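The values are calculated or read from the model by the stated rules, or taken from the named source; none is laboratory data. Here the structure is a predicted model, which means the values were calculated and not measured. In this analysis, Cβ positions are derived from the backbone assuming ideal geometry, glycine residues included, and neighbour counts consider all displayed protein chains. Protein only, heavy atoms only, side chains kept; ligands, DNA and RNA dropped before computing areas. Shrake-Rupley method; radii C 1.70, N 1.55, O 1.52, S 1.80 Å.
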Amino acid sequence: MYRHPTSEQNHATIKRVVTIFRNNMRQHRTLYIFLLVVLLASCSKTLPKVDQALLDAAEQGDATAQMKVALACDEAGAPEEAARWYALAAEQGVSEAQNNLGVMYKEGQGVSQDYAKAAYWFMKAAVQDNTLSQLNLGWLYHAGKGVRQDADSARYWYTQAAEKGHPTAWLNLGVLCLQQGDTVQAEIHLQQAESMGNEGARRLLEGIDRAREQKR
C-alpha cells in the first residue's frame, strides 16, 4: 500500500536529487529536470483543498462536516488524514464513517491493519442498518478475521445486506452454502446474485451445472 512520505522524507529526498542534478548538470540535463518536476509535484500532494468554513465546522465537532472532510481526503489520496476524520465522525455515530473506518482497518489503509478494530466499527455501523457494514461484518465472520469464525453469524449479516439488494451478499451466501454442501440453497442465492448482474455468481452456477453434467 502506498503511503505518503513525511515532510522530512520529502525534504531529504529533494535535497539528494538537487545535489545529483547539480553534479550532473551537463549530463542528462533533460532527464533530471523531468525527475525533479515529478518529485516536486508528488510532494505537493498533501491535503486536499477543503472549504475553510467546512474545515472550521469539522474542527468544531460537526460530524457531517468531519465526514465530508474525510471523504475529500480519501478521494485525494491522503488515507492517514481520511482515517483521522473518519474516526472523529465515527465516534459521533455516523454509520458511513464507521463503515469506512472499518474498511481502512481491514485493508490497512491510513492505519495499521487490524481486523479486530475493523470488526468493532463494522458492528457499530451494522446495527445501524448500514448495508455495506453488514456485508463486511459477514465476511469477517465467514473468514474468521478479527472475530471467531462463525458461519451462522456470517449468514445472518450476509442476509441482512442481501435483503436490501446487495448482489455480493447474495453471492457470499451462495458460497457459504456451497462450502457447507447445500447446493440447492446455494443455487437459489447465486441465482439472485446473477439476476443482479454479478459475474462471479454466473461463473459459479456454470461450474455447478458442469459438475452435475459430469455425474450423469
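Okay, here's what the table says:
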| read-out | value |
| --- | --- |
| Test: residue in the range 188-196 that is among the β-branched types (Val, Ile, Thr) and either within 30 Å of GLN113 (Cα to Cα) or surrounded by 20 or more Cβ atoms within 10 Å (Cβ to Cβ) (or both) | no |
| Filter result for the condition that a residue is under 15 Å from the mean Cα position of the chain (by Cα) and at pLDDT 95 or above, over ALA82, ALA116 | ALA82 |
| Output for the range 161-175, where each listed residue is of a type in the set (D, E, K, R) and in contact (Cβ under 8 Å) with a residue 12 or more places away in the chain | LYS164 |
| Qualifying residue in the range 29-41 (condition: part of a helix (DSSP H, G or I), modelled with pLDDT under 95, open to solvent by 70 Å² or more (accessible area, probe 1.4 Å) and among the charged types (D, E, K, R)) | yes |
| Count of the range 191-216 residues which are of a type in the set (A, V, I, L, M) and either closer than 17 Å to ALA151 by Cβ or over 26 Å from the mean Cα position of the chain (by Cα) (or both) | 3 |
| Hits in the range 62-71 (condition: open to solvent by 30 Å² or more (accessible area, probe 1.4 Å), more than 15 Å from MET104 (Cβ to Cβ) and not hydroxyl-bearing (Ser, Thr, Tyr)) | ASP62, LYS68 |
| Of all residues making up the range 168-187, the number that are open to solvent by 80 Å² or more (accessible area, probe 1.4 Å) and under 24 Å from LEU137 (Cα atoms) | 2 |
